[in-house]
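Right, one structure below, let's go through it.
None of the figures in this text is laboratory data; all of them are computed from the coordinates on show. None of the values given here were measured: they were computed from a predicted structure. Cβ atoms come from the backbone with ideal geometry, glycine included; neighbour counts cover every protein chain shown.
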Amino acid sequence: MNDPERILVTVIEAKGSTPREAGAFMLVDETGLEGTIGGGQLEWMAIDKARHLLASGGDRAEMDVPLGPEIGQCCGGRVRLLLERLTPQRRSRLEARRLAEKAAHPAVFIFGAGHVGLALASALSALPLTVRLIDSRNEADPVLPHEVGFCRTALPEAEIAALPAGGAAVIVTHDHAQDFLIGRAALARSDLAYIGMIGSATKRARFASWLRQETGAAADLSRLVLPVGGSILRDKRPEVIAAMVTAELLIALLGRSTQGKMPEA
């Protein structure tokens with residue numbers, strides 16, 4: 001079956017308060033939609049314009065939309081949109097952009113495929129992150145979203161070396177000794193944006209004592225989040241912990257990111 005004809009709608013300029021940033025895009029065909037430029041009346045206007053472009057056989061159009069009371073929105077900003085028929089050349093450029101953006105996604109390595117690790121992998125799977133779940137147990141055979149990679153290894157702490165700079169290590173294994181080994185390896189790197197470990201204040205103190213014995217120096221645990229996801233709620237359900245850790249990760253990993261570059265027309 002041939003792909004349907006589609007229109008690429010891209011935000012090429014965003015001034016003031018706007019639903020999405022410059023570079024955001026969506027794809028519109030006669031009956032469907034992929035992506036979003038922010039929803040609301042602006043998006044419905046763009047969808048209607050895109051479908052008229054499809055029906056008329058047109059190639060390109062622009063829209064300059066003030067986000068005011070006249071369209072039922074009160075953002076106060078202004079948005080310029082570029083609408084383009086998705087030709088093979090434009091499709092190739094769009095795919096190249098998507099691949100580049102995916103390659104630039106921050107990496108999250110989750111150590112431990114138990115209840116919390118699985119809940120966290122599921123929570124992160126739809127986000128702009130590269131997620132990998134790591135476990136040492138032979139019996140671990142998790143069913144994961146296709147976006148999440150899985151690695152079984154007898155030495156999970158060695159996988160820290162493969163974590164890209166700027167990434168995150170979340171340590172939620174079934175074994176405290178294993179947690180400590182992975183934590184030591186992660187803290188030995190100064191280029192990680194987030195290092196977190198499941199546990200308690202007691203576990204934190206024991207880890208600090210163990211690190212002093214192992215390294216012969218006072219442990220600097222200022223970069224370690226322990227317990228993960230435990231600063232606001234004291235809820236121990238795996239799905240709730242996963243949601244709170246997800247918030248911590250987004251702040252640490254995406255809070256520093258810059259907006260994506262505009263694709264060429």
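The angle between the Cα long axis of helix 40-56 and the main principal axis of the chain comes to about 50°, on a 0 to 90 degree scale. Gain on full extension, evaluated as 0.36 nm per residue between LEU233 and ASP175 minus their Cα-Cα distance, stands at 18.5 nm.
The ranking of PHE25, PHE150 by Cβ neighbour count inside 10 Å, starting from the fewest, reads PHE150, PHE25.
If I take every Cα pair under 8 Å that is 6 or more residues apart in the chain, average their sequence separation and divide by the length, what percent do I get for the relative contact order?
On the way: 462 pairs, mean separation 40.6, N = 265.
That works out to 15 percent.
Under a 5 Å amide H cut-off, with hydrogens placed 1.01 Å from N, GLY77 pairs with SER17, LEU67 among residues at least 5 apart or on other chains. Helix 115-124 and the longest principal axis of the Cα set of the chain meet at an angle near 30°.
If Rh is defined by the Kirkwood formula over all Cα pairs and Rg also comes from Cα, what ratio Rg/Rh do you get for the chain?
On the way: Rg = 22.9 Å, Rh = 21.1 Å.
Across the chain, the Cα-based Rg/Rh ratio is 1.09.
Here the mean projected area of the convex hull built on the C-alpha positions of the stretch 162-230 is 4.5 nm². Residue order for MET197, MET63, MET244, fewest other beta carbons within 10 angstrom first, comes to MET63, MET244, MET197. Assuming charge only on the beta carbon of Lys and Arg (+1) and of Asp and Glu (-1), the dipole of the stretch 19-71 about its Cα centre is about 0 debye to the nearest 20. So what's the angle, to the nearest 10 degrees on a 0 to 90 scale, between helix 176-187 and the longest Cα principal axis of the chain? Taking the Cα atoms of the chain, the angle to 176-187 is about 60 degrees. Taking the Cα centre of the chain as reference, the dipole from Cβ charges on Lys and Arg (+1) and Asp and Glu (-1) amounts to some 660 debye.
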